[in-house]
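K.L.:
Shown below is the structure under consideration.
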Amino acid sequence: FPYWLREVPNITFRADNEPFKFHMQRFTKKIIGIMKKEKLFVPKGGPVIMSQIENEYNAVQLAYKELGTRYIQWAANMAVGLKTGVPWVMCKQKDAPDPVINTCNGRHCGDTFTGPNGPNKPSLWTENWTAQYRVFGDPPAQRAAEDIAYAVARFFSKNGTLTNYYMYYGGTNFGRTSSSFVTTRYYDEAPLDEYGLLREPKYGHLKDLHKALRLSQKALLWGVPSIEKISEDLEIRTYEKPGTQICAAFLNNNSTKSPETIKFRGQDYYLPRKSISILPDCKTMVFNTQSIVAQHNARNFHPSKKASDLNWEMSQETVPKIDELLLKSKEPMELYNLTKDTSDYAWYTTSIDFDRSDLPMRRDILPVLQVASLGHAILAFVNGEYIGFGHGSNVEKSFVFSKPVNLTPGDNHIALLGMSVGLPDNGAYMEKRYAGVRAVMIQGLNAGTLDLTLNNWGHEVGVKGEKLELYTEEGLKKVQWSEAKGAGPALTWYKTYFDAPEGNNPVAIEMTSMGKGMVWVNGKSIGRYWVNYLSPLGQPSQSEYHIPRAFLKPEKNLLVVFEETGGDPEGIEILLVNRDTICSYITEYHPPTVNSWKKSGGKIKTVVDDAKSGAHLTCSDGKVITKVEFASFGDPYGACGKFVEGKCNSQNSKEVVEKYCLGKDSCSIPLEREIFDKGDDECSDISKVLAVQVRCGRDKSDEKTD
């Protein structure tokens, strides 16, 4: 919600509250009016087939009691009354009022969704979480392509109507647009990554799944569903139209531990653990959720040659004193109310006069500055000296900052820079979320602890560089700049210029030598960075930050960094991004690619040229396979970019792959023992795997792999 909404008198968000309902209805009518004017709804020829009102309200509804019950009824009636001509949905709202459709959000809606709350409502999966968005401090978010495919196949096998991927493409939170603690890179683990590149095998495996479902579409739409429960973990779900050959079957092995063989209509079918096989004609297995035939890839970041040798200059912020600031109050002001979302920053300043007798006499004892903050972060300065940085987390925004300080007889100036990292985005009573400095004390004085909370405070919103717009060509002329050499202090602006990187690949900037702050390119903010907040794995949640090529000029692009906690700009690099490392990992149990099959005359038939099981690799953007980096037929293991040979390996694996693939934009490698082993098979008693990793490109430049 926009900040100004908090200041509407007597407002309670997301409740039967007249001020909130007035603004919600005004906003909703405005958006729907635009949609109608542009004829975007299906009845007028547009692409929009559904609309959503509210989101996952059941999770907070109890907090509002009867105000919540009345609100959800009002929201439904208000939306339906706008007469869009398409259905309205409420996600995760079990009691969605008719005719609004209740829908499922989650990872396994085929098993967790209790179903529509009315006989005329379809079963809709509005958010199928392809991973999880990340907040600063998080380790990488993961969700395997196999798990997503299994969940989708199960949902459709149980009469599901629609699945919608959240996210299919996540993108970038530019500027200050991310919600509290959410990383600038949003949902990078989606089928399309932050740069719009295909994340394989997630993209390809889901594409294959939907092709298998499309081959089954007549049976799914017209067939009569039936279930055959074979055991606790094995079941067969069929859709069959009586008196016709229209039939599709889903063979389900729900065991997470062991593969199984299932007999269906006189034929045996092998099912890997936790998998579903799809038979669009109740005979031919065209897809298995656990068996990835699609290629894999790994993302590469490598330094741009053209945008290297950055020459940095710096300009440092000044730390204000209380008598320099106009806005005064008895105690520290609440941060959101102070900044009103115009900046991440606000100064809190005070001063205190000490006699020598107030201060510790022993050299081994120093007073301690203790700041209790409601979030999200602070920088502390005493007498202009940087003391330290403290912050909360997405789970617990509030924190206590404690650091020893040097105090002197006479006036001592304390300055705290309060910081927010986005506005709240979920939960009950969001209008009552608070941030900023709450209490300030000095411990270890001769008279004990001194409470400075009511000591009179000066405030100022933003830092001076923001107001001067130092990130623009005009603004940077307003201050003096000096050469930057090595690591710099807190609250420092840095600037340099760079030419647009070579080629057409996406562009990123690596910030691991810095701490926390924001980056601008040609006056446009590419978002907050925070690389000194490490995950439990000891790594930043995000190290590289996207620079859209649309922001760039051919030459002399202005790059400005505002570093809050101190960092070394000489370690910043402009990077090019690709997914030119492509791989395949195929077992002897894998089926042929789903592209081997087509529907003709109501029957599933093979596409003759592509009917064998094997590894299939394709380069993008007109590139060709320039190098075979790994090949092993035997028992290799690992992931794309990090394959390792096992105990069994065909010695001519690489030679075979090079024969089929080098110099080609795509290739298929048959999974046949006689090709690899040539009669000399030292481990013929095991089921074998073919793992291949190749490099696509127009040259053979080495790149570091993510």
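The values are calculated or read from the model by the stated rules, or taken from the named source; none is laboratory data. Everything numeric here is computed off the predicted structure, so don't read it as measured data. Please note: Cβ atoms are built from the backbone with ideal geometry, for glycine as well, and neighbour counts cover all protein chains shown. Remember, those area values only see protein heavy atoms, side chains included, never the ligands or the DNA or RNA. Shrake-Rupley method; radii C 1.70, N 1.55, O 1.52, S 1.80 Å.
K.L.:
Between beta-carbons, use under 11 Å as the cut-off and find the net charge around residue 471, counting Lys and Arg +1, Asp and Glu -1.
P.N.:
That works out to -2.
K.L.:
Along Cα→Cβ, 7 Å out, is where each label goes; now give me the distance between the ones at residue 372 and residue 686 in nm to one decimal.
P.N.:
Taking the two extended label points, one gets 6.1 nm.
K.L.:
Roughly how many whole Å is it from the C-alpha centroid of segment 284-326 to that of segment 17-55?
P.N.:
When both Cα centres are located, 35 Å separates them.
K.L.:
Which pairs break 22 Å Cα to Cα here: 340/464; 211/257; 229/263; 257/688?
P.N.:
Cα-Cα > 22 Å for 211/257; rest within.
K.L.:
Something else now. What does the extension gain come out to for residue 337 and residue 352, with contour length at 0.36 nm per residue minus their alpha carbon separation?
P.N.:
Length gained, residue 337 through residue 352: 2.8 nm.
K.L.:
So, counting K/R as plus one and D/E as minus one, what does the shell of residues with Cβ under 10 Å around residue 199 add up to?
P.N.:
-2
K.L.:
Using 0.36 nm per residue, how much length does the chain from residue 144 to residue 534 gain when fully extended, once their Cα-Cα distance is taken away?
P.N.:
Roughly 138.0 nm would be gained on extension.
K.L.:
Cysteines without a disulfide-compatible partner in the chain, using Cβ under 4.7 Å as the rule?
P.N.:
Those would be 91, since no other cysteine Cβ in the chain comes under 4.7 Å of theirs.
K.L.:
Between residue 655 and residue 467, what FRET efficiency follows from the Cβ-Cβ distance if R0 is 56 Å, with the result rounded to 0.05?
P.N.:
Once the sixth-power term is evaluated, E becomes 0.30.
K.L.:
Per-residue accessible area for residue 537 at 1.4 Å probe radius, Å² rounded to 10?
P.N.:
Near enough 120 Å² of accessible area.
K.L.:
Rank 136, 156 by accessible area, highest first, at a 1.4 Å probe radius?
P.N.:
156, 136
K.L.:
Given labels modelled 7 Å from the Cα in the Cβ direction, how far is it in nm from residue 8 to residue 664?
P.N.:
6.3
K.L.:
For the chain, with every protein chain kept in place, what is the accessible area per residue (1.4 Å probe, Å²)?
P.N.:
46
K.L.:
Something else about it: For the chain, which whole-number percentage of the solvent-accessible area (1.4 Å probe, protein heavy atoms only) is attributable to carbon and sulfur atoms?
P.N.:
51
K.L.:
Also, quick follow-up: Roughly speaking, what is the stretch gain from residue 232 to residue 432, that is 0.36 nm per residue apart minus the C-alpha to C-alpha distance, in nm to one decimal?
P.N.:
Once the chain is fully extended between residue 232 and residue 432, it gains 67.1 nm.
K.L.:
Restricted to Cα positions, what overall size does the chain have along the principal axes? Three whole-Å values, descending.
P.N.:
Extents along the principal axes: 95, 64, 51 Å.
K.L.:
Using the C-alpha atoms of segment 322-462, what convex hull volume per residue, in cubic angstrom, is computed?
P.N.:
Measuring per residue, one finds 109 Å³ for the Cα hull of segment 322-462.
K.L.:
As I understand it, the value is the acute angle between the Cα axis of helix 18-37 and the longest principal axis of the Cα atoms of the chain; what does it come to in degrees, rounded to 10?
P.N.:
50
K.L.:
Could I have the simple spin-label model distance between residue 265 and residue 556, label points 7 Å from Cα toward Cβ, reported in nm to one decimal?
P.N.:
7.2
K.L.:
Under a cut-off of 16 Å between alpha-carbon atoms, report the aspartates and glutamates in cross-link reach of residue 328, not counting same-chain residues fewer than 8 places apart.
P.N.:
Cross-link targets: 460.
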